[in-house]
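The numbers here are math on the coordinates, done by the rules we state, and not lab data. The structure presented is a predicted model; accordingly, all values stated were derived computationally and were not measured. Positions of Cβ are generated from backbone atoms using ideal geometry, with glycine treated the same way; all protein chains shown enter the neighbour counts.
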Amino acid sequence: MELNRRTLIAGTAAAGIAATTLGGTAQAAPGSGRPVKELFGKLADGTKIYRWSLENGGTRLKVLSYGGIVQSLEIPDRHGRYKNVSLGFATIEDYVAKTPYFGALIGRYGNRIAKGRFDLDGKSYQLSVNDGVNSLHGGAKGFDKRPWDIEGFTSGSDVGLHLYYTSVDGEMGYPGTLKAKVTYTLTRHGDWRIDYEATTDKATVVNLTSHVYWNLAGEGSGSIYDHELKIAAARYTPVDSGLIPTGELAKVAGTPFDFRRTKTVGEDIREANQQLLYGKGIDHNWVLDKGITAKPAHVATLRDPSSGRTLRIATTEPGLQFYSGNFLDGTLVGPGGHIYRQGDALCLETQHFPNSPNQPAFPSTVLRPGETYRSSTVHSFDA
Ligand code: GLA
């Protein structure tokens, strides 16, 4: 498998160089190293938003300085044909007006905090509430809606971007000035690695993640119910009707949430199960068997049998939010000109568990002054 992908990449890299020279578009030439920056658009207040293009090892990535958004991630199928496998938009206006977190960095807190409230060191905090009575993905204006400062780099055989955002004390109700640094690296094998770091000047909570919507057959190509998925988790966190974990770490055995052996996403998604009714499909956190690890460890494999494209996820995090694109409702049009409907993509968000600040038995998301928050996730591709 490995050998196939590398042989293939050698061939397509040569073709890619020719296309770049002829097209004259702002694209990182394969193997040429440095990420390329171009103006993508402007926010209403005049802030310029840039798009960075980088390529390495057969993976092509386009990243916006708005929300650190992955606007496009292209990988080859088993015949070397490239497709953008992540949902997105063609314009900054669409991202600002209506994105359901397409491709974005999520902060300060991935997923929900019940009623947007938590207590820390005897103080109560009220966060921005933006999902019914709860706070979702950092509140009304989370990290996904902020301009990030980006620097391109090459290091050895790696090509990447450093993304910086400073969240001021009290932003969206969170205590402490949080300095976040996220590094996107494309390795010579075409792996996309994300390293998150953050520091604070007051005790706070933090849970950063990436919200890429995957469709390995290509964005806008239809549903992902035929994708095959395996998750190394014997337990998950069931939720209430507001999608807040009940606190129980329930066994997946005998439920539609059992992905310990490979099955298609669609196999059990229509089972009359209360949890699936609450989520309008799958929108749950898996308790990864490996727990928190110092180095990224493999936790999930997603494969599109039609194209052969395969994604493997390794992470240091203890949880994985698997969201089956339930709220896509045919009202958004992607960059390829196709409408997105329910189940046209899925998200696999590596994270600490939702609502951890209110669940003392869950792994802690507290960050204190002098500590550095660190989290890493590696996406490996094959066909
Ligand atoms: C996460 C949440 C979902 C939904 C999506 C974006 O996966 O758990 O409920 O908010 O993000 O729509």
Derived scalar couplings ³J(HN,Hα) [the range 361-369; Karplus, 6.51 cos²θ - 1.76 cosθ + 1.60; whole Hz; x for Gly, Pro]:
7, 7, x, 5, 10, 6, 10, 10, x
Can you work out D for the chain in µm² s⁻¹ from Stokes-Einstein, where Rh is the Kirkwood radius over C-alpha pairs, the temperature is 4 °C and the viscosity is 1.567 mPa s?
62
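Given the Cα-Cα distance of I292 and V366 and 0.36 nm per residue of separation, how much length would full extension add, in nm?
Values: separation 74, 0.36 × 74 = 26.64 nm, distance 1.47 nm.
In short, 25.2 nm is gained.
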Could I have the simple spin-label model distance between R374 and T262, label points 7 Å from Cα toward Cβ, reported in nm to one decimal?
3.3
Residues whose modelled amide H sits under 5 Å from the amide H of W148, counting only those 5 or more places away in sequence or on another chain, are Y66, G67, G68
If amide H atoms are modeled at 1.01 Å from N in the peptide plane, then the residues at a separation of 5 or more from N84, or on another chain, having amide H under 5 Å from its own are E219
Of L61, L243, L332, the one that fluctuates the most in a GNM where the chain has Cα springs shorter than 10 Å:
L332
Determine the gain in length on full extension of the stretch L249-R78; use 0.36 nm per residue of separation and subtract their C-alpha separation, reporting nm with one decimal.
57.7 nm
Short version: ³J(HN,Hα) in whole Hz for each residue of the range 188-205, in order, from phi by Karplus 6.51 cos²θ - 1.76 cosθ + 1.60 (θ = phi - 60°), x for Gly and Pro, what are they?
5, 8, x, 6, 9, 10, 10, 10, 9, 9, 7, 10, 9, 9, 9, 4, 8, 10
Please list the non-local residues whose amide H lies under 5 Å from the amide H of V299, H modeled 1.01 Å from N, same-chain partners needing a gap of 5 or more.
I313, A314, T315
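Could you compute Rg(Cα) / (2.2 N^0.38 Å) for the range 101-228, with N its residue count? Could the numbers behind the result be given before it?
Numbers: Rg = 16.9 Å, N = 128, 2.2 N^0.38 = 13.9 Å.
For the range 101-228, the normalised Cα radius of gyration comes out at 1.22.
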Computed over the range 69-131, the ratio Rg/Rh where both radii use C-alpha atoms and Rh is Kirkwood
1.20
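Test of understanding: what is the full-extension gain from K179 to T154, defined as 0.36 nm times their sequence separation minus their Cα-Cα distance?
Values: separation 25, 0.36 × 25 = 9.00 nm, distance 2.30 nm.
Computed gain between K179 and T154 is 6.7 nm.
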So which GluC sites (Glu not before Pro) in the range 171-257 are both in a DSSP loop and have at most 13 other Cβ atoms within 10 Å of their Cβ?
E248
Which of the lysines could a cross-linker bridge to K123, judged by Cα under 21 Å and excluding same-chain residues fewer than eight apart?
K115, K202
Please list, by residue number, everything in the range 121-159 whose backbone N is under 14 Å from a paramagnetic label point 7 Å out along Cα→Cβ of A44.
141
What distance in nm separates the two pseudo spin-label positions at T331 and D201, each 7 Å out from Cα along the beta-carbon direction?
4.0
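In terms of the Cα gyration tensor, with a ≥ b ≥ c the square roots of its eigenvalues, is the range 154-279 rounded because a/c is under 1.5, prolate because a/b exceeds b/c, or oblate?
Here the range 154-279 falls in the oblate category.
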In whole Å, what is the distance between the alpha-carbon centres of the range 277-313 and the range 41-89?
22
Over what distance in Å are the Cα centres of the range 327-351 and the range 162-230 separated?
18
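By the scheme Lys and Arg +1, Asp and Glu -1, what is the net charge of all other residues having a beta-carbon under 10 Å from that of Y184?
Values: positive: R193; negative: D195.
Charge balance near Y184 sits at 0.
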